[in-house]
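For reference, the structure is listed below as C-alpha coordinates.
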Amino acid sequence: MDQNQTADFIIIGGGVIGCSTAYNLANQGAKNIVVLEKGEICTGGTSKSCAITRSHYSIEANVLHAVESLKIFENFDEIVGGDPRFTRTGQMVLGPEKHRPLMESVFFTQNKYGSDTQTLTPAEASNLHPLLQFDDVDVIGFESRSGYCDPYLTTTAYSQRALDLGVKFYTGTPVTGIKASSLNKTVETTQGNFESPTLILAAGPWTHNLGKMIGIKFPYEISKHKVLTLKIDIHYEKDWPIVKDLLTPEKIYFRPDSGGVVLVGTGDQGDLVKNVEEMTNEVEMEHVERIGKLMANRMPVFANAKLVRSWTGAYDIPPDWNPIIGPVPNLEGVYVAVGFSGHGFKLAPTIGEALAQEVLGNEPRVPIEMYDMTRFETGKTLNGAYGIVTFA
(Lines give C-alpha, C1' and ligand atoms only; values in the text may rest on other atoms or scores of the structure.)
Protein backbone atom coordinates (compact mmCIF):
# COMPACT_ATOMS: atom_id res chain seq x y z
CA MET A 1 0.00 0.00 0.00
CA ASP A 2 1.33 3.44 -0.94
CA GLN A 3 -0.71 5.34 1.66
CA ASN A 4 -2.27 4.68 5.02
CA GLN A 5 -5.41 2.58 4.90
CA THR A 6 -8.18 3.76 7.19
CA ALA A 7 -10.62 1.65 9.17
CA ASP A 8 -13.22 2.23 11.85
CA PHE A 9 -11.96 -0.74 13.86
CA ILE A 10 -8.66 -2.62 13.79
CA ILE A 11 -8.25 -5.98 15.50
CA ILE A 12 -4.77 -7.44 15.91
CA GLY A 13 -4.90 -11.22 16.16
CA GLY A 14 -6.52 -13.86 13.99
CA GLY A 15 -7.21 -16.50 16.62
CA VAL A 16 -10.62 -17.47 17.95
CA ILE A 17 -10.95 -14.37 20.18
CA GLY A 18 -10.01 -11.95 17.40
CA CYS A 19 -12.22 -13.65 14.82
CA SER A 20 -15.17 -13.90 17.21
CA THR A 21 -14.82 -10.20 18.02
CA ALA A 22 -14.60 -9.29 14.33
CA TYR A 23 -17.69 -11.30 13.48
CA ASN A 24 -19.65 -9.89 16.41
CA LEU A 25 -18.71 -6.31 15.58
CA ALA A 26 -19.91 -6.80 12.00
CA ASN A 27 -22.99 -8.72 13.10
CA GLN A 28 -23.94 -5.81 15.36
CA GLY A 29 -23.74 -3.39 12.46
CA ALA A 30 -20.18 -2.08 12.58
CA LYS A 31 -18.52 -1.30 9.25
CA ASN A 32 -14.98 -0.94 7.94
CA ILE A 33 -13.39 -3.55 10.20
CA VAL A 34 -9.83 -4.76 9.61
CA VAL A 35 -8.15 -7.82 11.16
CA LEU A 36 -4.35 -8.01 11.09
CA GLU A 37 -2.68 -11.40 11.59
CA LYS A 38 1.06 -12.01 11.42
CA GLY A 39 0.59 -15.59 10.17
CA GLU A 40 -2.53 -17.26 8.86
CA ILE A 41 -5.92 -17.52 10.57
CA CYS A 42 -5.73 -19.91 13.53
CA THR A 43 -2.00 -20.57 13.44
CA GLY A 44 -1.17 -19.14 16.88
CA GLY A 45 -2.40 -20.20 20.31
CA THR A 46 -5.85 -21.31 19.14
CA SER A 47 -4.31 -23.91 16.83
CA LYS A 48 -2.86 -25.67 19.89
CA SER A 49 -6.12 -25.60 21.84
CA CYS A 50 -7.78 -28.78 23.10
CA ALA A 51 -11.05 -26.93 22.35
CA ILE A 52 -12.99 -28.30 25.31
CA THR A 53 -16.32 -26.64 26.08
CA ARG A 54 -17.27 -27.00 29.74
CA SER A 55 -18.65 -24.78 32.48
CA HIS A 56 -17.16 -26.05 35.76
CA TYR A 57 -15.68 -22.89 37.32
CA SER A 58 -15.72 -21.59 40.88
CA ILE A 59 -16.01 -17.96 39.69
CA GLU A 60 -19.60 -17.17 38.78
CA ALA A 61 -18.76 -14.86 35.87
CA ASN A 62 -16.78 -17.65 34.23
CA VAL A 63 -19.68 -20.07 34.71
CA LEU A 64 -22.07 -17.64 33.04
CA HIS A 65 -19.78 -17.04 30.05
CA ALA A 66 -19.04 -20.75 29.67
CA VAL A 67 -22.71 -21.79 29.78
CA GLU A 68 -23.80 -19.04 27.38
CA SER A 69 -20.91 -19.84 25.03
CA LEU A 70 -21.81 -23.52 25.16
CA LYS A 71 -25.32 -22.64 23.97
CA ILE A 72 -23.71 -21.03 20.92
CA PHE A 73 -21.42 -24.00 20.26
CA GLU A 74 -24.45 -26.31 20.45
CA ASN A 75 -26.34 -24.24 17.87
CA PHE A 76 -23.43 -22.72 16.01
CA ASP A 77 -24.70 -23.10 12.46
CA GLU A 78 -28.04 -21.51 13.36
CA ILE A 79 -26.60 -18.65 15.43
CA VAL A 80 -23.31 -17.88 13.65
CA GLY A 81 -23.07 -20.10 10.58
CA GLY A 82 -20.64 -22.93 9.92
CA ASP A 83 -19.69 -26.19 11.59
CA PRO A 84 -17.28 -26.13 14.58
CA ARG A 85 -17.56 -29.94 14.74
CA PHE A 86 -19.04 -29.79 18.24
CA THR A 87 -19.20 -33.25 19.84
CA ARG A 88 -21.25 -33.55 22.98
CA THR A 89 -19.69 -35.94 25.49
CA GLY A 90 -20.37 -34.52 28.92
CA GLN A 91 -17.57 -33.98 31.41
CA MET A 92 -16.74 -35.84 34.62
CA VAL A 93 -14.95 -34.01 37.40
CA LEU A 94 -13.25 -36.37 39.84
CA GLY A 95 -12.37 -34.98 43.25
CA PRO A 96 -11.32 -35.77 46.81
CA GLU A 97 -13.60 -35.45 49.83
CA LYS A 98 -12.12 -32.04 50.75
CA HIS A 99 -13.48 -30.62 47.49
CA ARG A 100 -17.03 -31.96 47.96
CA PRO A 101 -18.64 -28.76 49.36
CA LEU A 102 -16.97 -26.61 46.71
CA MET A 103 -17.81 -28.96 43.84
CA GLU A 104 -21.45 -29.17 44.93
CA SER A 105 -21.58 -25.36 45.18
CA VAL A 106 -20.24 -25.10 41.63
CA PHE A 107 -22.82 -27.65 40.43
CA PHE A 108 -25.57 -25.47 41.93
CA THR A 109 -24.25 -22.35 40.18
CA GLN A 110 -23.91 -24.20 36.87
CA ASN A 111 -27.51 -25.39 37.04
CA LYS A 112 -28.69 -21.88 37.94
CA TYR A 113 -27.42 -20.75 34.55
CA GLY A 114 -28.78 -23.70 32.59
CA SER A 115 -26.12 -26.40 32.80
CA ASP A 116 -27.26 -29.97 33.49
CA THR A 117 -24.88 -30.97 36.30
CA GLN A 118 -25.21 -33.65 38.95
CA THR A 119 -23.22 -36.00 41.16
CA LEU A 120 -22.86 -39.64 40.13
CA THR A 121 -22.18 -42.91 41.91
CA PRO A 122 -19.21 -44.95 40.67
CA ALA A 123 -21.65 -47.40 39.08
CA GLU A 124 -23.43 -44.61 37.20
CA ALA A 125 -20.12 -43.14 36.09
CA SER A 126 -18.89 -46.53 34.87
CA ASN A 127 -21.93 -46.81 32.64
CA LEU A 128 -20.86 -43.59 30.92
CA HIS A 129 -17.14 -44.40 30.74
CA PRO A 130 -16.34 -48.12 31.21
CA LEU A 131 -12.53 -47.71 31.29
CA LEU A 132 -12.36 -45.53 34.41
CA GLN A 133 -11.64 -46.81 37.92
CA PHE A 134 -12.90 -44.83 40.92
CA ASP A 135 -11.27 -46.55 43.93
CA ASP A 136 -9.50 -43.34 45.02
CA VAL A 137 -12.32 -40.96 44.04
CA ASP A 138 -14.69 -39.47 46.64
CA VAL A 139 -16.79 -37.13 44.48
CA ILE A 140 -17.88 -37.55 40.85
CA GLY A 141 -19.51 -34.61 39.14
CA PHE A 142 -21.01 -34.80 35.67
CA GLU A 143 -22.12 -31.99 33.40
CA SER A 144 -23.98 -33.56 30.51
CA ARG A 145 -23.79 -30.72 27.96
CA SER A 146 -20.02 -30.37 27.80
CA GLY A 147 -18.04 -31.46 24.77
CA TYR A 148 -15.30 -30.40 22.40
CA CYS A 149 -14.88 -28.74 19.02
CA ASP A 150 -12.34 -28.46 16.24
CA PRO A 151 -10.42 -25.24 16.99
CA TYR A 152 -9.47 -24.60 13.36
CA LEU A 153 -12.98 -25.11 12.01
CA THR A 154 -14.45 -22.93 14.75
CA THR A 155 -12.05 -20.07 14.12
CA THR A 156 -12.34 -20.21 10.34
CA ALA A 157 -16.14 -20.34 10.65
CA TYR A 158 -16.00 -17.06 12.56
CA SER A 159 -13.57 -15.55 10.04
CA GLN A 160 -15.68 -16.68 7.07
CA ARG A 161 -18.84 -15.21 8.55
CA ALA A 162 -16.94 -12.00 9.27
CA LEU A 163 -15.78 -11.94 5.65
CA ASP A 164 -19.37 -12.44 4.55
CA LEU A 165 -20.27 -9.33 6.55
CA GLY A 166 -17.54 -7.22 4.99
CA VAL A 167 -14.61 -7.59 7.40
CA LYS A 168 -11.19 -7.36 5.72
CA PHE A 169 -8.48 -9.79 6.81
CA TYR A 170 -4.78 -9.16 6.22
CA THR A 171 -2.77 -12.32 6.90
CA GLY A 172 0.99 -12.53 6.72
CA THR A 173 0.98 -9.00 8.12
CA PRO A 174 3.12 -8.65 11.25
CA VAL A 175 2.71 -5.45 13.24
CA THR A 176 6.00 -3.55 13.53
CA GLY A 177 4.86 -0.47 15.43
CA ILE A 178 1.83 1.27 16.96
CA LYS A 179 1.22 4.98 17.56
CA ALA A 180 -1.74 5.18 19.92
CA SER A 181 -1.45 8.59 21.61
CA SER A 182 -3.69 10.50 19.21
CA LEU A 183 -7.36 10.17 18.33
CA ASN A 184 -6.45 8.05 15.32
CA LYS A 185 -4.21 5.09 16.08
CA THR A 186 -1.61 4.17 13.46
CA VAL A 187 -0.63 0.52 13.16
CA GLU A 188 2.56 -0.01 11.20
CA THR A 189 2.96 -3.34 9.41
CA THR A 190 5.16 -4.97 6.81
CA GLN A 191 2.31 -4.39 4.35
CA GLY A 192 1.90 -0.67 5.08
CA ASN A 193 0.17 1.44 7.71
CA PHE A 194 -3.42 1.29 8.96
CA GLU A 195 -5.25 4.06 10.82
CA SER A 196 -8.31 3.78 13.05
CA PRO A 197 -9.86 5.47 16.09
CA THR A 198 -10.44 2.04 17.65
CA LEU A 199 -7.81 -0.63 18.21
CA ILE A 200 -8.42 -4.06 19.75
CA LEU A 201 -5.45 -6.17 20.86
CA ALA A 202 -6.30 -9.87 20.77
CA ALA A 203 -2.97 -11.55 20.08
CA GLY A 204 -2.85 -13.97 23.00
CA PRO A 205 0.65 -14.44 24.47
CA TRP A 206 2.05 -12.20 21.70
CA THR A 207 0.16 -9.22 23.15
CA HIS A 208 3.25 -8.36 25.24
CA ASN A 209 5.02 -7.34 22.04
CA LEU A 210 2.14 -5.02 21.15
CA GLY A 211 2.08 -3.61 24.67
CA LYS A 212 5.69 -2.52 24.38
CA MET A 213 4.76 -0.51 21.28
CA ILE A 214 2.18 1.52 23.24
CA GLY A 215 4.09 1.75 26.52
CA ILE A 216 1.87 -0.72 28.40
CA LYS A 217 3.02 -3.80 30.31
CA PHE A 218 0.06 -6.12 30.50
CA PRO A 219 0.03 -8.11 33.78
CA TYR A 220 0.43 -11.67 32.57
CA GLU A 221 3.19 -14.23 32.30
CA ILE A 222 3.66 -16.88 29.63
CA SER A 223 3.66 -20.58 30.39
CA LYS A 224 4.38 -23.62 28.22
CA HIS A 225 1.80 -26.40 28.48
CA LYS A 226 2.20 -29.87 27.03
CA VAL A 227 -0.39 -32.04 25.31
CA LEU A 228 -0.17 -35.72 24.40
CA THR A 229 -2.30 -38.09 22.39
CA LEU A 230 -2.22 -41.71 23.49
CA LYS A 231 -3.52 -44.86 21.85
CA ILE A 232 -4.44 -48.27 23.24
CA ASP A 233 -5.36 -51.52 21.54
CA ILE A 234 -9.09 -50.93 21.88
CA HIS A 235 -10.93 -48.05 20.22
CA TYR A 236 -11.45 -45.02 22.46
CA GLU A 237 -15.02 -43.92 21.73
CA LYS A 238 -15.49 -40.33 20.54
CA ASP A 239 -18.48 -39.76 22.83
CA TRP A 240 -16.93 -40.97 26.08
CA PRO A 241 -16.96 -38.13 28.62
CA ILE A 242 -14.16 -35.63 29.04
CA VAL A 243 -12.51 -36.26 32.41
CA LYS A 244 -10.94 -33.70 34.77
CA ASP A 245 -8.95 -35.48 37.48
CA LEU A 246 -8.47 -33.21 40.48
CA LEU A 247 -6.76 -36.03 42.39
CA THR A 248 -3.61 -35.79 40.28
CA PRO A 249 -0.85 -33.25 41.07
CA GLU A 250 -0.98 -31.93 37.48
CA LYS A 251 -4.82 -31.80 37.51
CA ILE A 252 -4.85 -33.71 34.22
CA TYR A 253 -7.77 -33.69 31.83
CA PHE A 254 -8.41 -35.94 28.87
CA ARG A 255 -10.89 -36.24 26.05
CA PRO A 256 -11.47 -38.33 22.93
CA ASP A 257 -9.72 -37.26 19.76
CA SER A 258 -10.08 -38.30 16.14
CA GLY A 259 -8.77 -41.73 15.20
CA GLY A 260 -9.80 -43.46 18.41
CA VAL A 261 -7.08 -41.89 20.56
CA VAL A 262 -7.23 -39.84 23.75
CA LEU A 263 -5.87 -36.30 24.13
CA VAL A 264 -4.29 -35.49 27.52
CA GLY A 265 -3.39 -32.09 28.95
CA THR A 266 -2.60 -30.61 32.35
CA GLY A 267 -4.20 -27.87 34.43
CA ASP A 268 -1.11 -26.88 36.37
CA GLN A 269 1.27 -23.92 36.17
CA GLY A 270 3.24 -25.38 33.27
CA ASP A 271 6.78 -24.20 32.49
CA LEU A 272 7.30 -20.43 32.55
CA VAL A 273 8.94 -18.95 29.45
CA LYS A 274 10.26 -15.44 28.94
CA ASN A 275 9.63 -15.14 25.22
CA VAL A 276 6.85 -16.93 23.39
CA GLU A 277 8.86 -16.75 20.17
CA GLU A 278 11.51 -19.01 21.69
CA MET A 279 9.07 -21.71 22.78
CA THR A 280 9.52 -25.10 21.12
CA ASN A 281 7.24 -28.12 20.68
CA GLU A 282 9.60 -30.35 22.64
CA VAL A 283 7.93 -32.57 25.23
CA GLU A 284 10.38 -34.38 27.50
CA MET A 285 10.07 -38.15 27.84
CA GLU A 286 9.98 -37.67 31.60
CA HIS A 287 6.70 -35.77 31.20
CA VAL A 288 5.30 -38.46 28.88
CA GLU A 289 6.14 -41.19 31.39
CA ARG A 290 4.70 -39.26 34.34
CA ILE A 291 1.42 -38.53 32.56
CA GLY A 292 1.32 -42.12 31.32
CA LYS A 293 1.41 -43.41 34.90
CA LEU A 294 -1.39 -41.07 35.95
CA MET A 295 -3.50 -42.22 33.00
CA ALA A 296 -2.81 -45.87 33.85
CA ASN A 297 -4.00 -45.25 37.40
CA ARG A 298 -7.25 -43.73 36.20
CA MET A 299 -7.69 -46.19 33.32
CA PRO A 300 -5.70 -49.42 33.90
CA VAL A 301 -5.97 -50.38 30.21
CA PHE A 302 -3.61 -47.46 29.51
CA ALA A 303 -0.70 -49.20 31.25
CA ASN A 304 0.77 -50.03 27.83
CA ALA A 305 -0.56 -47.03 25.91
CA LYS A 306 1.48 -45.79 22.95
CA LEU A 307 2.37 -42.15 22.39
CA VAL A 308 0.92 -40.97 19.07
CA ARG A 309 2.05 -37.33 19.10
CA SER A 310 2.83 -34.44 21.41
CA TRP A 311 2.92 -30.66 21.21
CA THR A 312 3.05 -27.56 23.36
CA GLY A 313 0.91 -24.45 23.64
CA ALA A 314 1.47 -21.08 25.29
CA TYR A 315 -0.79 -19.86 28.09
CA ASP A 316 -1.02 -16.12 28.88
CA ILE A 317 -1.60 -16.08 32.64
CA PRO A 318 -2.53 -13.02 34.78
CA PRO A 319 -1.93 -13.14 38.55
CA ASP A 320 -5.46 -14.45 39.22
CA TRP A 321 -5.60 -16.76 36.16
CA ASN A 322 -8.56 -14.85 34.72
CA PRO A 323 -8.74 -12.82 31.50
CA ILE A 324 -8.08 -9.13 31.03
CA ILE A 325 -10.80 -7.66 28.82
CA GLY A 326 -11.87 -4.11 28.08
CA PRO A 327 -10.37 -0.63 27.73
CA VAL A 328 -6.65 -0.12 28.17
CA PRO A 329 -6.23 2.56 30.87
CA ASN A 330 -5.19 6.02 29.69
CA LEU A 331 -5.40 5.12 25.99
CA GLU A 332 -8.78 6.14 24.64
CA GLY A 333 -10.03 3.84 21.93
CA VAL A 334 -7.64 0.99 22.73
CA TYR A 335 -9.06 -2.30 24.03
CA VAL A 336 -7.50 -5.62 24.97
CA ALA A 337 -8.58 -9.23 25.33
CA VAL A 338 -5.75 -11.30 26.77
CA GLY A 339 -4.79 -13.54 29.69
CA PHE A 340 -7.22 -16.39 29.12
CA SER A 341 -4.95 -18.90 30.86
CA GLY A 342 -6.03 -21.81 28.72
CA HIS A 343 -9.79 -21.24 28.80
CA GLY A 344 -10.15 -18.70 26.01
CA PHE A 345 -11.61 -21.10 23.47
CA LYS A 346 -14.59 -22.14 25.59
CA LEU A 347 -15.42 -18.50 26.39
CA ALA A 348 -14.75 -17.07 22.92
CA PRO A 349 -18.36 -16.86 21.64
CA THR A 350 -19.59 -14.59 24.44
CA ILE A 351 -16.31 -12.75 24.99
CA GLY A 352 -16.31 -11.71 21.32
CA GLU A 353 -19.96 -10.71 21.57
CA ALA A 354 -19.58 -8.76 24.81
CA LEU A 355 -16.37 -6.99 23.77
CA ALA A 356 -18.00 -5.92 20.50
CA GLN A 357 -20.99 -4.58 22.41
CA GLU A 358 -18.75 -2.62 24.80
CA VAL A 359 -16.67 -1.17 21.96
CA LEU A 360 -19.88 -0.04 20.25
CA GLY A 361 -21.12 1.62 23.44
CA ASN A 362 -23.79 -0.96 24.22
CA GLU A 363 -24.46 -2.91 27.40
CA PRO A 364 -22.99 -6.42 27.04
CA ARG A 365 -25.57 -9.20 27.21
CA VAL A 366 -23.06 -11.23 29.23
CA PRO A 367 -21.12 -8.86 31.53
CA ILE A 368 -17.35 -8.42 31.24
CA GLU A 369 -16.66 -5.48 33.58
CA MET A 370 -15.21 -7.86 36.21
CA TYR A 371 -12.37 -8.67 33.80
CA ASP A 372 -11.22 -5.04 33.65
CA MET A 373 -7.45 -4.53 33.75
CA THR A 374 -7.67 -2.14 36.72
CA ARG A 375 -8.84 -4.90 39.08
CA PHE A 376 -5.24 -5.69 40.06
CA GLU A 377 -4.80 -2.16 41.42
CA THR A 378 -8.22 -1.89 43.07
CA GLY A 379 -8.15 -5.20 44.93
CA LYS A 380 -10.90 -6.79 42.85
CA THR A 381 -8.97 -9.80 41.59
CA LEU A 382 -10.96 -12.89 40.64
CA ASN A 383 -9.59 -15.58 42.90
CA GLY A 384 -10.84 -19.09 42.21
CA ALA A 385 -11.94 -21.11 45.23
CA TYR A 386 -10.05 -24.24 44.15
CA GLY A 387 -6.71 -22.51 44.20
CA ILE A 388 -5.72 -24.79 41.32
CA VAL A 389 -5.31 -22.48 38.39
CA THR A 390 -7.32 -23.43 35.30
CA PHE A 391 -10.42 -24.40 37.28
CA ALA A 392 -10.78 -20.80 38.48
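The values are calculated or read from the model by the stated rules, or taken from the named source; none is laboratory data. Everything quoted here is computed from the prediction, not taken from an experiment. Note that we place each Cβ from the backbone using ideal geometry, even for glycine, and neighbour counts take in every protein chain shown. The accessibility values were calculated without ligands, DNA or RNA, using every heavy atom of the protein model including side chains. Shrake-Rupley method; radii C 1.70, N 1.55, O 1.52, S 1.80 Å.
Here are some residues: Thr173, Thr87. Which one is in contact (Cβ under 8 Å) with a residue 60 or more places away in the chain and crowded, with 20+ Cβ neighbours inside 10 Å?
Thr173
Taking interchain pairs and intrachain pairs at least six residues apart, which have beta carbon atoms under 7 angstrom, with the first residue in the stretch 287-298 and under 11 Å from Val264 (Cβ atoms) and the second among the hydrophobic types (A, V, I, L, M, F, W, C) and surrounded by fewer than 19 Cβ atoms within 10 Å (Cβ to Cβ)?
Matching pairs, first to second residue: Val288/Leu307.
Give the stretch 58-77 a look and list any residue that's over 17 Å from Gly114 (Cβ atoms) and surrounded by fewer than 20 Cβ atoms within 10 Å (Cβ to Cβ), or say none.
Asp77
Just to be sure I understand the filter: pairs with C-beta atoms under 9 Å, separated by 6 or more residues or on different chains, first member in the stretch 93-111 and farther than 16 Å from Thr248 by Cα, second member open to solvent by less than 10 Å² (accessible area, probe 1.4 Å) and part of a helix (DSSP H, G or I). Which pairs pass?
Within 9 Å, the pairs are Val106/Val63; Val106/Phe391; Thr109/Val63; Gln110/Val63; Gln110/Ala66; Gln110/Val67.
If you take the residues of the stretch 197-211 that are within 20 Å of Thr155 (Cβ to Cβ) and in a strand (DSSP E or B), which of them is farthest from the chain's Cα centre (by Cα)? Spell out how you get there, then give the answer.
Here is the first cut: in the stretch 197-211, the residues within 20 Å of Thr155 (Cβ to Cβ) are 200-207, 210.
Of the ones still in play, those that are also in a strand (DSSP E or B) are 200-201.
On the way: Ile200: 18, Leu201: 16 Å.
Going through the qualifying residues, I end up with Ile200.
Is the stretch 312-321 home to any residue that is hydrophobic (A, V, I, L, M, F, W, C), assigned to a strand (DSSP E or B), open to solvent by 10 Å² or more (accessible area, probe 1.4 Å) and in contact with a helix residue (DSSP H, G or I) (Cβ under 8 Å, 6 or more places away or on another chain)? First the steps, then the outcome.
Just the residues of the stretch 312-321 that are hydrophobic (A, V, I, L, M, F, W, C), to begin with: 314, 317, 321.
Now drop any that are not assigned to a strand (DSSP E or B), which leaves 314, 317.
From what's left, open to solvent by 10 Å² or more (accessible area, probe 1.4 Å): 314.
From the residues that got through so far, the ones that are in contact with a helix residue (DSSP H, G or I) (Cβ under 8 Å, 6 or more places away or on another chain) too are 314.
So far as the stretch 312-321 goes, yes, one or more of its residues are hydrophobic (A, V, I, L, M, F, W, C), assigned to a strand (DSSP E or B), open to solvent by 10 Å² or more (accessible area, probe 1.4 Å) and in contact with a helix residue (DSSP H, G or I) (Cβ under 8 Å, 6 or more places away or on another chain).
Looking at the stretch 48-88, which of the residues that are part of a loop (DSSP other than H, G, I, E, B) and β-branched (Val, Ile, Thr) is farthest from Gln110 (Cα to Cα)? If you could, list the steps in order and put the result at the bottom.
Filtering the stretch 48-88 down to residues part of a loop (DSSP other than H, G, I, E, B) leaves 49-51, 54-59, 75, 80-86.
Filter once more, keeping what is β-branched (Val, Ile, Thr): 59, 80.
Working: Ile59: 10, Val80: 24 Å.
This residue is Val80.
Provide a single number: the residues in the stretch 212-227 that are open to solvent by less than 50 Å² (accessible area, probe 1.4 Å) and either farther than 26 Å from Lys48 by Cβ or not in a strand (DSSP E or B) (or both).
Filtering the stretch 212-227 for residues open to solvent by less than 50 Å² (accessible area, probe 1.4 Å) gives 214, 216, 218-220, 222-227.
When the remaining residues are screened for being either farther than 26 Å from Lys48 by Cβ or not in a strand (DSSP E or B) (or both), the result is 214, 216, 218-220.
Qualifying residue count, the stretch 212-227: 5.
Yes or no: Phe86 of a type in the set (A, V, I, L, M, F, W, C), under 28 Å from Val243 (Cβ atoms) and modelled with pLDDT of 95 or more?
Numbers: of a type in the set (A, V, I, L, M, F, W, C): yes; under 28 Å from Val243 (Cβ atoms): yes; modelled with pLDDT of 95 or more: yes.
So Phe86 fits the description; yes.
Of everything in the stretch 245-291 that's in contact with a strand residue (DSSP E or B) (Cβ under 6 Å, 6 or more places away or on another chain) and among the acidic types (Asp, Glu), which residue is surrounded by the fewest Cβ atoms within 10 Å (Cβ to Cβ)?
Asp271
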